[in-house]
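Values in this text are rule-based calculations from the coordinates and carry no lab data. Given the structure is predicted, the values throughout are model-derived calculations rather than measurements. Reconstructed Cβ throughout: ideal geometry from the backbone, glycine too, with neighbour counts over all protein chains shown.
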């Protein structure tokens, strides 16, 4: 009797010891995140929190809503938000229109050909943003290549204004953003079970009907996630609109920069940045929900097949 | 043209019927790739205005770049910062990804979110935040400040890439090594790390490129002797089109292509 109870006791304490050992080790391993976490918190989270605080400090140095009130009331801020949303919407729309067919085709190519096609998406993705913006400036300017070709071909007589305006900014931004739409959309299209299409064709659906009624709805979560990503990045864009917009396009990020470098107005700049941050995070939360939805769908599709 | 009438997909549509799709896709691919590539031949022109194709091929604008003390200074700064960022962010990000992967706490998700914050918060906000912090600490225009900021920006990329590498790695191998008497550190270094090295290298390359190409933070916190090449390029672009930038762009594209090829080669080996 006593022997058995002793065994039971040592079993329990053994188990207990093992569990606490395991827990201690898990905590130690988690400690490996320490340096990275520390860097991000000190260099990013703390300063951004500080900006939050500054956005609520008025001109007299006490708590006030005046920075936000000014955002709400001033006409110049309203114009900046309007143009920022216009740019983001149009860029997203163009990326969707030209990105969907490309991704659709890539998703149906055999593996090797798809890898080669993917390089055309990855190459611009890996190329410096500044270089790509510069390339568009060279192509689109008054005496640039495109105007030169159009005049040589006799299509136009006088050079078109293609850059330093809305058009030029949109052309450049669409090309720069396209990979952000293609990459998530490609992953989601690849996850669609092709047997659904076979089944649709088998049941007499025409290719067009099979695409619109089976494939397209299944690709929507990936498409929306990609579009939101493009939209969010466009909202905060800075380099391209400065160079290709030529001062005619003032987006939120540019105004933030100007408030700091020209007026050193931290309150105004912080409030503007906080609004941008909130818009961005809201979009990202929606995108994350959609992608999760996508995983659930494709997961069930996989188990069926 | 029998190929045109062959079925192209499960829906039994023929290649001929969706020729338009191939044409549109081809055009979009050209839209993606050609603008940057066209800068390359233009950089070999001699004229003050960029021309395509160049009438006279020459290395004139490369000479202008390599002879300019200011551009060389900026290049040295950028390369130093990018290499240091690579050296700092790669081990930190790898350790963090490993720690999150192995410890599996319920709240690990939140740590992961904090670590990906630099990807989510608009860069302009990060830039003015860093500017504010460095102004207080007297770290404006310092190499170390730039390296820390760039490492922070690159951290999520390293963590994400390494974490995805760890997902396809069988952690039991490390357990075997440890049950045979290896310490955790030794098991990681000799068993795990060699097998996830492709993800680690890809993450590191991304960190290097992030730093080399970064504009906005550098605009605020790099200057004087320690201005980066992107900062100088950006300011030059604001004023006028200096053909020297075409030659620098060509060099930067070359760097990107080389790194992409290296990453793709390592990726293939993994398959």
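Judged by the mean number of other Cβ atoms found within 10 Å, the most tightly packed of the peptides A:231-238, B:34-41 leads the ranking A:231-238, B:34-41.
Legend: calculated FRET efficiency, residue A:42 to residue B:79, from the Cβ-Cβ distance at R0 = 25 Å, rounded to 0.05, equals 0.45.
Taking 7 Å steps out from each Cα toward its Cβ at residue B:104 and residue B:184 produces label points 1.5 nm apart.
The mean count of C-beta atoms from other chains within 10 Å of the C-beta of residues in A:49-62, rounded to a whole number, is 1. Packing, as the average of other Cβ atoms within 10 Å across residues, places the peptides A:86-97, A:248-259 in the order A:248-259, A:86-97, highest first.
How much length would be gained if the chain were fully extended between residue A:150 and residue A:167, taking 0.36 nm per residue of separation minus their Cα-Cα distance, in nm to one decimal? Can you show the working numbers first?
On the way: separation 17, 0.36 × 17 = 6.12 nm, distance 1.67 nm.
Roughly 4.4 nm would be gained on extension.
Each residue, residue B:64 and residue A:18, gets one label point 7 Å from its Cα in the Cβ direction; the gap between the two is 7.3 nm. Distance between the pseudo-spin-label points of residue A:86 and residue B:120 (7 Å out from Cα toward the beta carbon): 3.1 nm.
Per residue of peptide B:93-103, the mean number of Cβ atoms on other chains within 10 Å of the residue Cβ is 6. By the count of neighbouring beta-carbon atoms within 10 Å, fewest first, B:124, A:42, B:13 end up ordered A:42, B:13, B:124.
Scoring A:138-151, A:119-132 by mean Cβ neighbours within 10 Å over their residues and listing the highest first yields A:119-132, A:138-151. Shape call for chain B from the C-alpha gyration tensor, a ≥ b ≥ c root eigenvalues: rounded (a/c under 1.5), prolate (a/b greater than b/c) or oblate? Oblate, because a/c is 1.5 or more while a/b does not exceed b/c.
With a ≥ b ≥ c the root eigenvalues of the C-alpha gyration tensor of chain A, is it rounded (a/c under 1.5), prolate (a/b larger than b/c) or oblate? Oblate, since a/c reaches 1.5 and b/c is not below a/b.
Inter-chain neighbour count for B:211-220: the average number of beta-carbon atoms from partner chains within 10 Å of each residue's beta-carbon is 3.
Sort segment A:139-221 into rounded, prolate or oblate with this rule: let a ≥ b ≥ c be the square roots of the eigenvalues of the Cα gyration tensor; rounded if a/c is under 1.5, and if a/c is not under 1.5, prolate when a/b is larger than b/c, oblate otherwise. Because a/c hits 1.5 or more and a/b exceeds b/c, segment A:139-221 counts as prolate. In terms of surrounding Cβ atoms within a 10 Å radius of their Cβ, A:193, A:21 rank from fewest to most as A:21, A:193.
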